[in-house]
Structure formats: C-alpha cells, structure tokens
1. Just to confirm a number: summing +1 for Lys and Arg and -1 for Asp and Glu over residues other than GLU265 whose beta-carbon lies under 12 angstrom from that of GLU265, what do you get?
2. So, in nm, how far is label GLN133 from label LEU415 when the simple model puts each one 7 Å beyond its Cα toward the Cβ?
3. Picking from ASN142, ILE229, THR87, whose Cα lies most toward the positive end of the charge dipole for region 16-239 (charges on Cβ: Lys, Arg +1; Asp, Glu -1)?
4. Cross-link partners among lysines for LYS237, C-alpha distance below 30 Å, same-chain residues fewer than 8 apart left out?
5. Under a point spin-label approximation (7 Å from Cα along Cα-to-Cβ), what is the GLN345-GLU532 distance to one decimal in nm?
6. Counting other Cβ atoms within 10 Å, keep those with at most 16, restrict to DSSP loop, and tell me which chymotrypsin sites (Phe, Trp or Tyr not before Pro) in region 330-396 are left.
7. Rounding to the nearest 20 debye, state how big the charge dipole of region 200-324 is about its Cα centre with +1 on each Lys and Arg Cβ and -1 on each Asp and Glu Cβ.
8. Of ALA285, PHE357, ILE13, whose Cα points farthest to the positive end of the dipole of the chain (charges on the beta-carbon: +1 Lys, Arg; -1 Asp, Glu; origin at the Cα centre)?
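Derivation of every value follows stated rules applied to the coordinates shown; laboratory data play no part. Since this is a predicted model, take the numbers as computed values, not measurements. Counting neighbours? That spans all protein chains shown, and the Cβs are built from the backbone with ideal geometry, glycine included.
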Amino acid sequence: MNKRNPIKLPYGISNFARLIEDGYYYVDKTHYIEQLENESAPYIFFLRPRRFGKSLFVSMLSYYYGLEHKERFSSLFGSFYIGRQPTLRANTYHVLKLEFSRIDTTTPESTQKTFLSNVLLGIENFEKRYQEQLQDYSFLENPAEALKHFFEYHQDKKIYLLIDEYDHFANEILSFHFDQFSEMISGAGFVRKFYEAIKAATGDGIVDRLFVTGVTPITLDSLTSGFNIADNISTRKSYNTMMGFMEQEIIDLMEPMYHSHQRKEEASITYLRQWYNGYLFHAKAPSRVYNPDMVLYFLKEWAEEQEYPENLIDTNIASDYGKIRRLFQLKDPKQNYQVIERLIQEGFVISQLTRQFSFEREFSQQDFISLLFYMGFISIQSDQFNDLQLVIPNFVIKGLYWEFFLQWLKEQNSLNFEVGDVRQAVRDLAQNNELQPFLQLIENVLQTLSNRDFIQFNEKYIKVLFVAFASLANLYYIQSEQEANQKYVDILLLHRPPFFPNYQFAFELKYLKKSEEHQLEKTIQAATTQLETYLASESLRQLQNLKAYVIVFVGSEVKAIEER
C-alpha cells in the first residue's frame, strides 16, 4: 500500500488467506457460501470463462469448510457477510482439493501420468494438513485406484471435495487429439473411472459435498458419465454474479483510488464499461458482470502510472484466450469460422444453449455457439422466445475476434501482409490523415480473395476487413454501426486513452459490383448525404479533429474517396 494507491489490488492473487491476511481488497462474495449450502444438491458443477475468479472462490471454500482453519475463522471471515452469519457447516470438513490445469497432454501416457501426479499431490497435501500418516501410493498407476485407496484409508472422515479446472487438460486434448480424448473418457478410460470412484465415495458417505469448476461443459457429459449425480448451476439466474464484478462493486473499489478525482473516476468507469463489461449468464438476471481479472489489471496499471494501460489486457490473459482458441478447430473449422464471421458482421447470433455435449452425435453449429458462450467470447443479450440473442460482450473480446479472423484469413488464403506494415499504415492515418497506404492494404487482400473465388464481396465484409486491420495498431476505440441521429455510422475510430493521435475518423463505406459501376455517382451522393446527417449529431459534433470520409469500393478496388 502506498500514497498513490491507498488500497492493495488483488491482481493475480488466488489464495484466499493470503489475500485477506496481507490486506488486499476483497469484493465480498461470501454470501454465496450460504446460498450454495441451501441448494438441495450437495454435488455442484460451476462454469465460468478463464480468469473469472474461480480459483479464488475454490480457495475461499477450502478455508471456510476446512476444520483445520477453525481458529482462523474470525480473522479470515469476520469482516464479511458469512463471518457475521456463519452456517452450521463452517470448519466441519476434511477438505480434499484437486486441481487439473498442470497436465502434460503430449501423449496419452503423459496425460494419465501427470493426472495421477496431481491426484497424488492433492492427497499428500490432505494428509500433511490433517497430520495423518502418509500412505504409500507409489505402487499405483491409475488415478481411480489412488482415490479408492485414499477413501479406504480415510473412510471415517467427512470429506468436502473441491476440484478446480476440471476440464483444462481435456479441452486441450480435444482440440488436437480427438481419438485420444475418446479413449480417455470411454467406459474403460481412466477419467471415467476416476469419477466413478468419486461417485462410489458419495454413496458410502465419505464425500459429503463436492464443488467443481471449469470453463466449458464440452467434456462434462463425457468426463462425468460415471458420475451422474452432480448439478450444473452455471446458468441459474441466482448465481449470475457469484464470480465477476458488478458495476457498483467496481465503483466502491475505485472510490479510494479516485477520491479527489471524480471526473477521472467517471471517465474510467465509462471506459471500463466499454472494455470489460457485458457478461450475462441468464437472460433475466438483473446485472451484467465485468471480467474481474481484466478490471484489476486496468486498475493496477492506473494506480502505478496514473495512466490508462496501453494494452487493454495483459499478456497472460491474451495467452489464455489464444490457447482456448484452439477449440475453434473442433470438428468443422470452416463451419465454426462462419459463425465467427457472422458475429463480426451482424453483431449477434440466435441460438439455444447446449447444456451438455455428446460426441456420439454430430457437433452442430449450436454446439459451437454454446462453446463460445461458455468460453466468454459471446454472452446473452436477451431471450428470443425459446432462443437467445447472443452478442460479443465488450470491446476487448471483439478485438480478439478481429485478431482471430485476420489470422484465419491469412492462413487459409496465404495472404501476404505483415502486421508491422498494417500498424504503420494506421499510424500514417492517425497522425497525418494519410489514407492511401491503409486502403492499399485492404485492396491487396480483396484482390487476393477475389482471385481465389473465396467471397462474394459485400459492404459488411469490407467493413470487417477495415475494422480488423485498424484494430491491429491498438490506437483507437473502434465503433461499428454506432447510432447518430437515428442512423448508424459504419465505422468510427475514436481516441482511446492513453493514446490521443492527431485525428479521429468517421467512415461511410459503400460497395458496388463491377457490373454496377455506372451507379457510382448516385452511390457517392447517397453516402455523402448519410454522412452529413451523422456529422450533424451532437455525439459527432463534439469530437475533436474528426475527419469524415465516404469510400466506395467497386469490386476489389477503391473507386471514390470523398472527404466531408
């Protein structure tokens, strides 16, 4: 804690005791302990996107229920909801905690070996923590057998089993080694047997309660077919905000940091809302939630430098999303990227959610859309009778889509462009109002795609390329179809702190087929009228150094550029 930052931000802290005892700020989620206990189902699965606070929540449960922490209850929980209203089960369990993110999935043998190692590590920590005699498990080669021996040794105890990141290793295998995955989760597979051992322990009364976290249910049906008594509460309205930050929680967090800078606080919450908000896990839930890791990263950077961060997510989070992107290759990559293209062009998809996945049937488009939802790449906008309207939740995730789309386009079509050249072209545009180098990049891509008969050109496709290339420079907050005077500007490139280049831009894009080139003048006039209507709006009139252009493509070439 220092004068510039009067609170300690818990960025990257996933151990609950360390967070509390070292004086980090904690957004109180402890009332959910009581809510979970009141559930009729004692065996619970809960899914959320990466970096959404799952590991910290699991750690909180281990300190709350572990009987070895009874003497620390007041110091850990006394200032929070559950400390003032503890449940009868507080500090009454022997807690077995397992975690499956660190699995070597190189080969089937390494997968089973490191899975077993993680199980044995959890068992060893259990026996040390409860001062039990350490048992010899070295002769075992199977995770299910290890659990069976463990439960046999400790059958006189009441165990709360916590499993963090249950699907992390399985998702990685599924992306590249589907046959290996199928073998692993088959009737004789070691993972199926592992969950069967847990189910047997629940029947014997040894495992009294279970809480499991992960990202997707894509392996839930397969991995837990041997354990079919758990309740997946991930999309229940009452648990919408159990992980993640509500806006008021962020305002409360920011208040001591901005106590003498109200305008900066108001500006920051506006940017945070655009960049990190938008997650909804039930259509009728009253509050959307922010990605907590991204918010804490932003506030940490601001507290240290008194400036907004240049990058909106840190490299660790970007790496996580890059790894999970591998699942886009699942089954039918072309079909999957058609969904992504539709999301970028239309801004939404309509679908139901797949609650549990089965690989005994065809992997459908609905399955892929549901996968995007669970990973946090789309979220609920509203319900549409029996379906959901699903949208990209915020600007950061939209930027990841643009990046994925360009990379896929480049790989599939051997496109020849360098990211450095794109960034330089955007800098030329931003600083010098020099448009031609950027437009040349767009033309080059369109001409390559045209030669390969890859697309039927249209306005929306060109707009996607325009926005995706502009995003690579990381200079602007990019808005597409932003309302102005009840009309919609095609593209706005707006200042994004800490960057304030010389110019901001409004673009109205039009497209004609080569056979329609005779309509060029009429199209320019119509687009110019549209743009002038936008420019008359209050929202655009207040923008400083705004440059506005009508750009008309005919086929794959720019045939008209009109500045207003």
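1. Working: positive: ARG263, LYS264; negative: ASP252, GLU255, GLU266.
Computed value for this residue: -1.
2. 6.7 nm
3. So the residue furthest toward the plus end is THR87.
4. Excluding near neighbours in sequence, the set is LYS29, LYS54, LYS97, LYS199, LYS284, LYS323, LYS398.
5. Output for this residue pair reads 3.2 nm.
6. Values: sites: TYR337, PHE348, PHE357, PHE359, PHE363, PHE368, PHE373, TYR374, PHE377, PHE385, PHE395; in loops: PHE357, PHE359, PHE363, PHE377, PHE385.
Sites meeting the loop and neighbour criteria: PHE385.
7. Working: 10 positive and 18 negative charges, 116 e Å.
So the dipole magnitude of region 200-324 works out to roughly 560 debye.
8. ALA285
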